[in-house]
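What follows is one structure encoded as structure tokens, with my remarks underneath.
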Amino acid sequence: MAVSAEYMGYIADLLAPLARRAGDVRVRRMFGGAGVYYQRRMFGLISDETLYFKADKALQARHRAHGCGPFVFRPAGKKPIAMSYWQVPEPVLEDEEELLRWARDALGAAHKRPASKSLPQVANAPPQALLLPKPSWTRRSRSMRHG
């Protein structure tokens, strides 16, 4: 399930036009592979230098028509589990407009699920801001000072 930094960068570059502002599209390492996020919503998965997009039942038919299947997680000593991320066909990867259309469709499928809570909720902050420590005040203590 390994993925190289070069491939992660390649996919991030291909999907960058989806972004409304810098940092909207991110590729993060996870479990030996990588997740592809738009803002805080995971809509893609990279494993073994292969891109997979989130697909609902309607989108799965399109992937199947292109000869592609789902990402299959194979936990040690357990039955394989087919996930809801489906391989993106090579011709789609080579066509920027088509890839972005597929990515938007995957985002639509991903919006049917709750957003990830693991990524910080920083809308307009530069990447450096994500490294700052959390403030020591809490919502309750803040409201007490002003109330």
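Answer yes or no: is there a residue in the stretch 34-52 that is touching a Gly at 6+ places or on another chain (Cβ under 9 Å) and outside any strand (DSSP E or B). Taking every residue of the stretch 34-52 in turn, at least one turns out to be touching a Gly at 6+ places or on another chain (Cβ under 9 Å) and outside any strand (DSSP E or B). Pick from LEU59, LEU93, LEU131, LEU119: which is out of contact with any Ser or Thr (no Cβ under 6 Å at 6 or more places or on another chain), surrounded by 10 or more Cβ atoms within 10 Å (Cβ to Cβ) and modelled with pLDDT under 50? The conditions single out LEU119.
When the stretch 45-82 is filtered for residues that are within 22 Å of ILE11 (Cβ to Cβ) and of a type in the set (Val, Ile, Thr), the ones remaining, listed by number, are ILE46, THR50, VAL72.
Scanning the stretch 30-53 for residues that are closer than 11 Å to VAL88 by Cβ and not small (Gly, Ala, Ser), which turns out surrounded by the fewest Cβ atoms within 10 Å (Cβ to Cβ)?
So the first thing to find is which residues in the stretch 30-53 are closer than 11 Å to VAL88 by Cβ, and the list is 36, 44-46, 50-53.
Subsequent filtering for residues that are not small (Gly, Ala, Ser) retains 36, 45-46, 50-53.
Working: VAL36: 27, LEU45: 25, ILE46: 26, THR50: 17, LEU51: 29, TYR52: 24, PHE53: 27.
Among them, the one singled out is THR50.
Can you tell me which of (1) more than 17 Å from TRP102 (Cα to Cα); (2) of a type outside the set (Asp, Glu); (3) without any contact (Cβ under 8 Å) to a residue 40 or more places away in the chain; (4) surrounded by 15 or more Cβ atoms within 10 Å (Cβ to Cβ) is the one TYR7 doesn't meet? Exception for TYR7: condition (3).
Look at the stretch 15-71 and say how many of its residues are among the aromatic types (Phe, Trp, Tyr) and on the phi > 0 side of the Ramachandran plot. Of the residues in that region, 1 qualify.
The values are calculated or read from the model by the stated rules, or taken from the named source; none is laboratory data. Not measured: the values here are computed from a predicted model. In this analysis, Cβ positions are derived from the backbone assuming ideal geometry, glycine residues included, and neighbour counts consider all displayed protein chains.
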